[in-house]
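Here is the structure we will look at, set down as structure tokens.
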Amino acid sequence: MINNPQNKKNNFFKLHKQQALKDIEISIKTWSSFQKKNFFYQILSKQKKTKHWEASNLMLNLFHIHLTWSKSIIRSQTNIEKKDVLSVLNSIKHFYSKISIVKPDLMHPDIFECFNLTAKENNLKQKKIKFKDKIEINFYDPFDNILGKEMKNIEHKYYCEKKIALKSIQNTFDFLDQIDNKLYKFDEKNLEKPEILIYSKTSSLYELKFLWCGQELESYQNLTKIDLKKKLNEIKKIINYFNISRPNHTNDLIHRMYKCLMNHDNTNYIWVLGIKRKINMIKKKFKNIINI
């Protein structure tokens, strides 16, 4: 009988899945026991860490949660609130239980990592998969889409930036439609030009700027009107499918968008953004008054 390397890998993978389920059960039971203790015991106790969870700041009721496989941490969600810990642990348990031993879904990045960790530990050939889709896919999240404190702030910033960017794109489309509409009567000087668009009368070509977090991430020059609309739709698609929990870092633009969100000042960002919006509203009203 010929030994099949794939069968060996599946056998090892089965053992690792069984161990993962045992480990998460221990982590859940330890958490339940920890929860029953009074606050002072929790603060003074040395039992603040298991394979899947550990205390981050007991005074603030924050904890780090880890998705583990074999002897490694695959991913972590940091500073999760105490009230969400059990939900996340149960979600990780559900994730483990749903992994197929016979035909694991290797298109799921976390399962792919689990599979290759098993192969690596047992000196077997690892899988190499090139994910063709350049736009993020919403895979099942082992953390049940529950975010930690920092990631909640970053997600909030993303939705603010998304709203601003999409509005700029829509304003640009509206501007182009007004120019194309020969029945639309207007004074071109009074037509408000989008801040992301520059038009050259000499060449009759456009320059488009992609603004994100107040920064110019990219500039697309010498665009015809048709190319401009294609590029606007392309950027709009990227913005709409941007996955803050699992950004596609193989896409250079998405990678820089994510870095901008991560590097932005978490404390004052929303407040500053609100002030900027109010200033822009005042400028627009003042401009309308002048043009009357």
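Being within 30 Å of N10 (Cβ to Cβ), modelled with pLDDT under 95 and not acidic (D, E) holds for only one residue in K49, K36, K127, and it is K127.
The criterion of being surrounded by 15 or more Cβ atoms within 10 Å (Cβ to Cβ), out of contact with any Leu (no Cβ under 9 Å at 6 or more places or on another chain), at pLDDT 80 or above and not hydrophobic (A, V, I, L, M, F, W, C) does not hold for N263.
The values are calculated or read from the model by the stated rules, or taken from the named source; none is laboratory data. This one's a predicted model, so the numbers in the text were calculated from it and none came from an experiment. All Cβ positions, even for glycine, are placed from backbone atoms using ideal geometry, and neighbour counts span all protein chains on display.
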